[in-house]
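To start, the structure itself, in C-alpha cells.
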Amino acid sequence: MPGKPAPIKKSPAKKAAEKAPEPVPVEVPPAEAPPAEAPSAEAAPAEAAAPAEGAPAEAAPAAAAEGSPPVPTSAPLEVSVEDVNDSSLTIKWKTPETIGDSGLDGYTIEYCKDGTTDWVTAQEELTPANRFCIKNLTAGDLLRVRVVAVNPGGRSEPGTLAEPVPIREIVDRPKIRMPRNLRAQIVKQVGDQINLVIPFLGKPKPVVSWLKDGQPLDMKRVNIRNSDKDSIMFIRTAQREDSGVYEMSVKVDSFEDKATLTLQIVELPGPPTSVKLVDTWGFNAALEWTAPKDNGNTEITGYTVQKADRKTGEWFTVLDHYHRLTATVSDLIMGNSYSFRVFSENQVGISESCAITKDVATIQKTGIVYKPPEYPEHDFSEAPKFTTQLSDRAATVGYTTKLLCSVRGSPKPKIEWLKNQMIIGDDPKFRQISNQGICSLEIRKPCSFDGGVYTCRAKNTQGEATVSCKLEVKQIIIPDERGK
C-alpha cells in the first residue's frame, strides 16, 4: 500500500521543501508554463490515435499516463485557522481536488513571518491528517502559513492562508448572562438568606467587581465568590440596609460588560401614625387615620379596621384590605359604646401593632319605632298549564306501559284521563297517579284494543287545559316452525 513506503519518500520531500522558496514567488508559474504545454502537445497524438484504434476516449489519457512520469497533486483546499493562542497555531484544510494515480504520501506545513520569504517546515515527517498544530511559536509574531501535498511526483502547488495570523491568545469578550428571574426586582424578607448565582463568559479569566449604589460593597454584609464561569453573591441574613442597586462588572483587558440587579428587603409595616373618631350619628361612626411612618420598605396595600364593644372588649374586623384613609363603620348597636383600631398592611402581612381611637363612639337610644312595611297580598291563582306534554308511545301486547306529563296551576287542578274522548274513570285496567304536578297513567298488560288517543285534562277555578298522545299496541308475531 502507498502508506507503507511513505517514510522512504519523505527524504526527497524534505529536499523539495528546502528548495521551496524558489518556486513560491508568483513569477515562477509563468516561467514553467511553456514546459507544461509540451506534455499536452505530446499527449495530443496519443489522444488522436485512440479513436483510430477503436478504444474509448477515456483510455487514451490513461495510456499516455502509463508512460509519463508521476504528476504532483493539485493544491490543498480551504486552508483555515482552527485555533490559536500565544504559543501555538492549529490549522485545517481539505484534500486536494486532483490526486492522480500516484496517490498522496502526506502533507508538509510551512510558515514564515509576514514580510519575509524565510519559509520554515513545521514538522520533520509528512502528516497524513488534514489538521496540524504548529507549536513553540513566539507570541506577537504575524505568520503566513501554507500547506503542500507531497506524492511521488513531488510537491503540489501550496494552499495558503488568506491572511497572516497573529500569534496571541484569542480573547473572548466578557459577557454577563443574567438569569431571567434576576432581571426584575428581587424582593426578599428581612432575615431571609440570599444566594444569587450569575454566570458569565470571558477568556482569559475575567476580573469581576461589584458595586452597591455606586460604592464598594461592605464585605462584612455581602460575601462574593468568583469562579471562571460565575459569580455568587451571598448574604446570610438579609437586612433592610441590604436593599439597593448592585452592579456587577466583568472585565478582560480593555473589554468590559456590566449588569445591574435591584434587591429590595421588606418587612411588616408599622401602624398608622394616628386614628381619630370624626363623627357619630345614628348607628354610624366616621373614622380618619394617617399612613404609617414605616411602610416596611414596600408599598402599603391596605388597612384593617376593627371595632370592640366596651362591654365585652372583643375585637371584630369590620373592614379588610381597605385602601382609603377614611371609613364609615355602620350597623352599630343602639345603647353600646365602641372603640376602633386600625392596622397597616403590605405584601408581607399586617402590622404587629395598631393605632387605637382615644374617643369612644356611643350610640344613643332614641324613640325610634319600627313600623314594618305593608305589602299587598299577591294573588297566586293560575289556570292549569301543562309544562311537559304527552308523547306518542308504542307498546307491546301484554307488557305494561305508562304515560307521563306534568301540569301546574293554582289552586291545585283536578286531573282526568280520557281514552278516545271518553273518561276512563275507575277502570281497574288503568292506574292514575297525580303527585306534585306529575301525572301518570299506567296501562296494565294492554291488548290490541287498548290503542287509541289518550288525553289528560286538568281543571281548576281558573280554567282547564288538555294534552293528548297516541298509543299503538303491537302484537308479537311468532313464526310458524311447521312452515320451514
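The values are calculated or read from the model by the stated rules, or taken from the named source; none is laboratory data. The model shown is predicted, which means the values in this text are computed figures rather than measured ones. Heads up, the Cβs are rebuilt from the backbone with ideal geometry, glycines too, and the neighbour counts pull from every protein chain shown. Keep in mind that these areas ignore ligands, DNA and RNA; they rest on the heavy atoms of the full protein, side chains included. Shrake-Rupley method; radii C 1.70, N 1.55, O 1.52, S 1.80 Å.
Just for strands (runs of 3 or more DSSP E) wholly inside segment 91-196: which have at least 1 residues that are closer than 30 Å to Gly296 by Cβ and open to solvent by less than 20 Å² (accessible area, probe 1.4 Å)?
It comes to 186-189.
Quick one: in segment 330-360, which of the residues that are part of a loop (DSSP other than H, G, I, E, B) and among the β-branched types (Val, Ile, Thr) is least open to solvent (accessible area, probe 1.4 Å)?
The initial filter retains those residues of segment 330-360 that are part of a loop (DSSP other than H, G, I, E, B), namely 330-336, 347-349, 351-354, 357-360.
Then drop every residue that is not among the β-branched types (Val, Ile, Thr), which leaves 333, 348, 357, 360.
Numbers: Ile333: 99, Val348: 42, Thr357: 12, Val360: 55 Å².
The qualifying residue least open to solvent (accessible area, probe 1.4 Å) is Thr357.
Report, ordered by the first and then the second residue, all pairs with beta carbons closer than 7 Å, sequence separation of six or more or different chains, a first member in segment 292-314 that is part of a loop (DSSP other than H, G, I, E, B), and a second member that is surrounded by 12 or more Cβ atoms within 10 Å (Cβ to Cβ) and of a type in the set (Lys, Arg).
The qualifying pairs are Asn297/Arg240.
Only one of these is at pLDDT below 85 and either within 16 Å of Arg155 (Cα to Cα) or over 55 Å from the mean Cα position of the chain (by Cα) (or both): Ala75, Ala38. Name it. Don't jump to the end; show me each part of the working.
Working: Ala75 fails: at pLDDT below 85.
Every option except Ala38 fails the conditions.
Out of the residues in segment 289-317 meeting the condition of being surrounded by fewer than 18 Cβ atoms within 10 Å (Cβ to Cβ) and closer than 13 Å to Ala361 by Cβ, tell me which one is modelled with the lowest pLDDT.
Residue satisfying both the conditions and the ranking: Arg310.
What's the number of the condition Ala395 fails, among (1) more than 30 Å from Ile478 (Cβ to Cβ); (2) open to solvent by less than 40 Å² (accessible area, probe 1.4 Å); (3) of a type in the set (Gly, Ala, Ser); (4) in contact (Cβ under 8 Å) with a residue 12 or more places away in the chain?
So Ala395 meets the others, but not (1).
Go through (1) open to solvent by less than 90 Å² (accessible area, probe 1.4 Å); (2) assigned to a loop (DSSP other than H, G, I, E, B); (3) aliphatic (A, V, I, L, M) for Ala383 and report which single condition fails.
The failed condition is (2).
Starting from segment 103-122, keep only residues that are free of Cβ contacts under 8 Å to residues at least 40 places away in the same chain and under 18 Å from Lys92 (Cα atoms), then list their pairs with residues that are part of a strand (DSSP E or B) and open to solvent by 60 Å² or more (accessible area, probe 1.4 Å) whose Cβ atoms are within a distance under 6 Å, requiring at least 6 positions of separation or different chains.
Going by the 6 Å Cβ cut-off, the qualifying pairs are Tyr111/Val120; Cys112/Arg144.
State which residue pairs qualify: first residue under 23 Å from Asn136 (Cα atoms) and among the small types (Gly, Ala, Ser) and inside segment 159-177, second residue open to solvent by less than 40 Å² (accessible area, probe 1.4 Å) and at pLDDT 85 or above in any location, beta carbons under 7 Å apart, and separation of 6 or more residues or different chains.
Gly159/Ala75; Gly159/Pro76; Gly159/Val79; Gly159/Trp93; Gly159/Arg146; Gly159/Val147
Would you point out the residue of segment 232-281, among those that are assigned to a loop (DSSP other than H, G, I, E, B) and free of Cβ contacts under 8 Å to residues at least 60 places away in the same chain, that is least open to solvent (accessible area, probe 1.4 Å)? If you could, list the steps in order and put the result at the bottom.
Initially, segment 232-281 is screened for residues assigned to a loop (DSSP other than H, G, I, E, B), giving 236-239, 243, 253-254, 267-274.
Still in the running and free of Cβ contacts under 8 Å to residues at least 60 places away in the same chain: 236-239, 243, 254.
Numbers: Arg236: 161, Thr237: 62, Ala238: 0, Gln239: 60, Ser243: 28, Ser254: 101 Å².
Only one residue fits best here, namely Ala238.
Pull out all pairs, ordered by first then second residue, where Cβ-Cβ is under 7 Å, the residues are six or more apart or on different chains, the first lies in segment 427-453 and is touching a residue at least 40 places away in the same chain (Cβ under 8 Å) and open to solvent by 60 Å² or more (accessible area, probe 1.4 Å), and the second is part of a loop (DSSP other than H, G, I, E, B) and among the polar types (S, T, N, Q).
Listed pairs, sorted by first residue: Arg444/Thr400; Lys445/Thr400; Ser448/Gln475.
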